[in-house]
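For reference, the structure discussed in these notes is given below.
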Amino acid sequence: MPSKLPAIAEAGPESESTATPVISVQDIVHRYNGRSALDHVSFDVRPAELFGLLGPNGSGKTTLFRILSTLMVPTAGRALIMGFDTAKDPAAVRRQIGVVFQAQSVDEKLTAYENLWHQGHLYGLHGSPLKARINEILDRVGLADRMKELVETFSGGMARRVELAKGLLHHPSVLLLDEPTTGLDPGARRDLWQYLQILRDQERVSVIVTTHLMEEAERCDRLAILNEGKLVALGTPTELKHEIGGDVILLDATRDAESLVQRISARFQVDAAVMGDKSRGNQVRIELENGHRFITGLVEAFPGEIQAVSVSKPTLEDVFIHRTGHRFWTETEEEAKN
Ligand code: ADP
């Protein structure tokens with residue numbers, strides 16, 4: 001088993017965009033009982049990249065995660081990890097990947113060190129090399145001074161970091177994490193993301209994270225955005241937001257938003273759309289350069305019809321709306337999230 005990725009270690013940052021992909025997802029289709037969960041999804045993940053799979057509930061993230069972690073075979077298409085086919089050569093793929101599932105897999109009645117000791121044995125590591133690796137990896141995840149304490153005395157964030165260390169113990173080239181910050185408070189979430197960045201930079205692993213949180217997606221080097229099983233966007237967060245160009249204006253219409261959209265479009269020749277959802281007061285959304293200059297004329301043109309106006313720089317949610325025509329969150333999900 002290779003201890004590190006020589007190809008990655010030798011490659012400079014400038015060559016990474018053209019380097020051989022660490023993961024290659026090729027035209028994957030997955031159906032459950034005939035129902036589509038992934039619909040011709042393709043993308044590559046580069047060496048030492050922090051890559052996000054972003055999508056709302058039901059978009060296919062977990063399905064793709066399970067295919068990449070060799071737990072499921074896709075209906076069609078294939079995924080290669082370090083050149084090995086996840087369906088045809090799962091044992092070789094498993095040696096290349098570390099996996100952190102949503103459900104906790106550490107034993108709380110053991111210390112952090114003991115958890116890793118047992119994990120090491122599963123991978124055929126023993127004695128002083130294993131001891132050295134445990135010390136090294138617990139240091140990386142900021143737990144060196146707590147390694148002899150029982151995991152049950154740890155905070156949620158610390159227990160997750162033991163999971164990370166477990167996933168990394170056998171020097172995988174790729175770390176796959178399924179919604180790793182679920183159940184963590186905002187401080188522990190930020191910490192965990194910092195550790196993921198450290199692991200990418202210092203261990204040179206490629207980190208693939210599924211998330212439904214925009215603020216987490218913002219931290220990724222690149223993103224694949226999924227919606228209803230389809231890849232709707234691929235790029236760096238900055239690239240994706242730039243594609244919208246200009247600003248996003250949101251208006252709360254007092255009356256019929258549909259009619260207001262038509263009249264705004266006719267009068268100002270801009271692309272306006274209803275972000276309909278009655279409880280939100282019929283919002284109208286406009287993408288426009290220099291949005292602030294447009295506001296005065298707009299409010300004056302439709303007296304009494306506009307209750308509130310906001311102008312903002314595009315977010316990743318705007319990218320999602322731009323690509324799919326609908327919001328990322330349903331209203332119920334948004335309430336549950338807060
Ligand atoms: P996400 O992780 O983004 O929430 P999933 O991959 O879990 O998305 O789900 C994608 C689609 O596949 C959804 O429509 C979901 O209902 C369906 N699905 C997921 N798992 C199963 C399963 N075991 N059997 C049948 N349908 C499933």
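General remarks:
- In segment 40-68, residue nearest to the ligand (Cβ to nearest atom) [restricted to those that are closer than 15 Å to Val99 by Cα and charged (D, E, K, R)]: Lys61
- Condition broken by Ile81, with the remaining ones in (1) within 27 Å of Gln194 (Cβ to Cβ); (2) at pLDDT 95 or above; (3) within 16 Å of the ligand (Cβ to nearest atom) satisfied: (3)
- Failed item, numbered, when Leu116 is tested on (1) buried (at least 19 other Cβ atoms within 10 Å of the Cβ); (2) within 14 Å of the ligand (Cβ to nearest atom); (3) not polar (S, T, N, Q): (2)
Yes/no per residue for (1) farther than 20 Å from Arg66 by Cβ; (2) at pLDDT below 95:
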position: Leu177; (1), (2): no, no
position: Asp185; (1), (2): yes, yes
position: Arg189; (1), (2): yes, yes
position: Leu192; (1), (2): yes, yes
position: Gln202; (1), (2): yes, yes
position: Thr211; (1), (2): no, yes
position: Leu226; (1), (2): no, no
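- Flag: Ser105 does not match the condition of being of a type outside the set (A, V, I, L, M, F, W, C), surrounded by 18 or more Cβ atoms within 10 Å (Cβ to Cβ) and in contact (Cβ under 8 Å) with a residue 60 or more places away in the chain.
- Contact annotation: residue pairs with Cβ atoms under 6 Å, 6 or more positions apart or on different chains, pairing a residue in segment 57-76 that is more than 16 Å from Val207 (Cα to Cα) with a partner that is near the ligand (Cβ under 7 Å from one of its atoms), are Ser59/Leu226; Gly60/Ala37; Gly60/Leu226; Gly60/Gly229; Thr63/Ala37.
- Single condition Arg280 does not satisfy, out of (1) among the basic types (Lys, Arg); (2) surrounded by 15 or more Cβ atoms within 10 Å (Cβ to Cβ); (3) at pLDDT below 90: (2)
- In the set Gly183, Gly245, Gly235, Gly187, only one residue is surrounded by fewer than 19 Cβ atoms within 10 Å (Cβ to Cβ) and in contact with a helix residue (DSSP H, G or I) (Cβ under 7 Å, 6 or more places away or on another chain); that residue is Gly183.
- Taken together, the residues in segment 17-36 that are under 15 Å from Met82 (Cβ atoms) and either modelled with pLDDT under 95 or more than 16 Å from the ligand (Cβ to nearest atom) (or both) amount to 7.
- In segment 206-240, the residues that are within 16 Å of the ligand (Cβ to nearest atom) and of a type in the set (Val, Ile, Thr): Ile208, Val209, Thr210, Thr211, Ile225, Val232
- Residue in segment 303-319 that is free of Cβ contacts under 8 Å to residues at least 60 places away in the same chain, part of a helix (DSSP H, G or I) and surrounded by fewer than 12 Cβ atoms within 10 Å (Cβ to Cβ) present: no
- Only residues that are within 13 Å of Val106 (Cβ to Cβ), hydrophobic (A, V, I, L, M, F, W, C) and touching a residue at least 60 places away in the same chain (Cβ under 8 Å) were counted in segment 142-171, giving 2.
The values are calculated or read from the model by the stated rules, or taken from the named source; none is laboratory data. Bear in mind that the values here come from a model prediction, so they are computed numbers and not experimental data. So basically every Cβ, Gly included, is an ideal-geometry build from the backbone, and we count neighbours across all protein chains shown.
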